[in-house]
Amino acid sequence: MTETLAAPAAPQLAPLPQSRHLATSIPGPRSLALHAERQAHVTDGFGVALPVFVDRADGGILQDVDGNRIIDFASGIAVTSIGASHAGVRERVARQLERFTHTCFMVTEYESFTQVAKWLNEHVPGAFDKRTALFSTGAEAVENAVKIARSATGRDKVLVFDEAYHGRSLLTMAMTAKVSPYKLNFGPFPAEVVRTSSANPLRSPAAAQGPEAVTAAALADVEATLAEHGPEEFAAMVIEPIQGEGGFVVPAPGFLAGLRAIADRHGIVLVLDEIQAGMGRTGTLFASEHEGVAGDLTLSAKALADGVPLSAVTGRADLMNAVHPGGLGGTYAGNPLACEAALAVFEAFEDGSLLANARSIEAAAREALAPLAEETDVVAEFRGRGAMLAVEFADRGTLAPRADLAKAVSERCHAQGVLTLTCGTHGNIIRLLPPLVIGPHLLADGLRVLRKAILAVAAESAAAVSNTAVSNAV
């Protein structure tokens with residue numbers, strides 16, 4: 001019998017320097033060549049924020065194939081919150097790889113699935129008996145929450161909100177507010193999804209009267225929408241404690257608590273979509289903790305397993321157990337590799353340093369960027385919590401959205417080796433999602449680049465307005 005040779009051990013890589021470095025223009029020649037190959041083989045339906053190909057990533061740095069080190073203010077859209085190559089995640093996943101990669105939890109069981117569920121039951125807000133179901137993606141978590149709410153209540157309708165984002169599957173597209181690019185050309189969508197007002201402190205019609213008026217107006221709209229469609233017809237209301245793709249909107253104070261009271265009064269299941277805002281992103285484990293509100297069902301994904309696909313629905317045991325056996329599941333749901341990654345994430349949060357880091361990130365970013373609302377005519381607001389922060393661009397006075405400025409600022413940052421993302425209903429917002437492990441010096445460098453880019457673009461915009469005024473006067 002031929003002896004089987006063991007695979008050679010993977011070489012130990014030197015730590016990735018936590019500093020920005022431009023070896024070439026961005027994107028560099030190798031990235032450009034690989035991007036051309038991508039265009040020959042990958043559907044154009046996938047977009048890209050920055051066409052560079054990453055070779056390594058760790059801490060707050062992405063190193064591309066051309067040797068550029070780019071400051072990561074995206075975290076894979078709030079996924080790699082403890083870094084894209086965390087030692088604990090690597091070690092746990094590697095050990096699991098030696099044992100098995102998959103059995104399907106609905107066929108044969110494994111302990112890590114139960115341990116992830118146990119941790120979530122203990123840490124998700126809510127002083128009640130809980131159960132957890134694991135899935136693979138955020139959209140799956142949202143869809144299964146709707147299934148659970150409908151099964152438990154015997155009702156059909158789902159209430160969602162302006163500026164919401166819940167996913168790209170057919171049901172979650174119906175629940176998402178923004179049409180382009182998420183819903184464009186993909187209808188018709190499932191029925192029984194009803195939309196109502198959110199409590200956007202900047203853009204509410206009641207904004208001039210202050211936050212309390214914003215909350216009161218939005219809650220009145222919610223009540224009116226329910227009355228119009230029949231509150232007894234609604235299984236669930238689904239909301240993000242901080243809206244993500246809609247613009248990192250922090251709701252006016254008291255709005256979530258008001259929704260909690262309305263849901264209780266009408267027997268509606270309150271679903272808190274913590275997929276982007278949860279897992280320490282806002283300086284607490286879950287963003288709803290800032291409001292002192294617990295959902296009947298709470299959704300986790302993205303940072304839950306630090307890049308290995310995993311999502312969860314955690315909620316009241318009576319609701320979770322209302323579904324018949326076999327009604328929930330999925331071939332890859334709670335994959336053992338992903339569960340081990342999640343357990344490593346939980347361990348990383350044990351000493352509290354990551355939550356403290358999130359709060360420190362907010363303090364540093366607020367000091368650097370919040371003054372821009374006074375220093376320029378185009379920064380309407382700096383907002384957010386923890387390491388989930390945003391700069392909104394709009395003309396002073398009219399609040400007309402300026403997506404062109406957000407795009408221009410982001411492009412300048414990219415050219416200087418700082419990865420930023422845009423978002424918002426109007427595409428006029430730059431969002432900051434640095435990993436919670438980013439070092440203070442690297443963070444400060446990235447913020448300097450971003451601030452400088454905003455000031456430059458604002459100056460160019462002011463000059464253009466001045467030149468237009470002169471031309472019109474001549």
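Every number in this text was worked out from the coordinates using simple rules, so none of it is lab data. Source: prediction; values computed, not measured. Every residue, glycine as well, gets a Cβ built from its backbone with ideal geometry; the counts of neighbours run over all protein chains shown.
Couplings 3J(HN,Hα) for region 128-136, derived from phi with the Karplus relation 6.51 cos²θ - 1.76 cosθ + 1.60 (θ = phi - 60°), are 8, 5, 10, 9, 10, 10, 9, 9, 10 Hz, where x marks Gly and Pro. Can you list residues from other chains, or at least 5 along the same chain, whose modelled amide H is less than 5 Å from the amide H of A394? Answer set, sorted by chain and number: V379, A380, R402. Restricting region 34-126 to chymotrypsin sites (Phe, Trp or Tyr not before Pro) that sit in a DSSP loop and have at most 10 other Cβ atoms within 10 Å of their own Cβ leaves F46. For region 118-194, pairs of C-alpha atoms spaced more than 14 angstrom apart make up 67 percent of the total.
Amide H contacts of A236: L159, V269, each under 5 Å away and 5 or more positions distant or on a separate chain (H built 1.01 Å from N in the peptide plane; Pro and chain starts excluded). Taken one residue at a time, the phi angles of region 67-73 give Karplus couplings (6.51, -1.76, 1.60, θ = phi - 60°) of x, 6, 10, 10, 6, 9, 9 Hz. Gly and Pro are set to x. Label-to-label distance for Q209 and A14 is 6.3 nm, based on points extended 7 Å past Cα in the beta-carbon direction. For L421, nonlocal amide neighbours, meaning residues 5 or more places apart or on other chains whose placed amide H falls under 5 Å from its own, are R431.
Per-residue extension of 0.36 nm, minus the Cα-Cα distance of A127 and A462, leaves a gain of 115.3 nm for this segment.
Here H41, H426 are placed in order of increasing Cβ neighbour count within 10 Å, fewest first, which gives H41, H426.
Can you put K130, K147 in order of Cβ neighbours within 10 angstrom, beginning with the fewest?
Working: K130 21, K147 18.
Ordered from fewest to most neighbouring Cβ atoms within 10 Å, K130, K147 come out as K147, K130.
Projecting the Cα atoms of A174, H41, L369 onto the charge dipole of the chain, computed from C-beta unit charges around the Cα centre, puts H41 farthest toward the positive end.
Going through the DSSP H helices of the chain, which span 30 Å or more along their own axis at the Cα atoms while scoring at least 0.0 as a mean Kyte-Doolittle hydropathy? Counting only whole DSSP H runs, the qualifying helices are 440-473. Taking other C-beta atoms within 10 angstrom as a stand-in for reagent exposure, D306, D162, D156, D351 fall in the order D351, D156, D162, D306, fewest first. A simple rule links phi to the HN-Hα coupling: the Karplus curve 6.51 cos²θ - 1.76 cosθ + 1.60 with θ = phi - 60°, which for region 274-289 gives 9, 4, 9, 8, x, 6, x, 4, 9, x, 10, 4, 10, 4, 5, 4 Hz, with x for Gly and Pro.
Here r is the Cβ-Cβ distance between A40 and V107 and R0 is 51 Å; the resulting FRET efficiency, rounded to 0.05, is 0.85. A value for Cα extents along the principal axes in Å was derived from the coordinates, and within the list (1) 79, 71, 45; (2) 62, 61, 43; (3) 82, 61, 43 it appears as (1).
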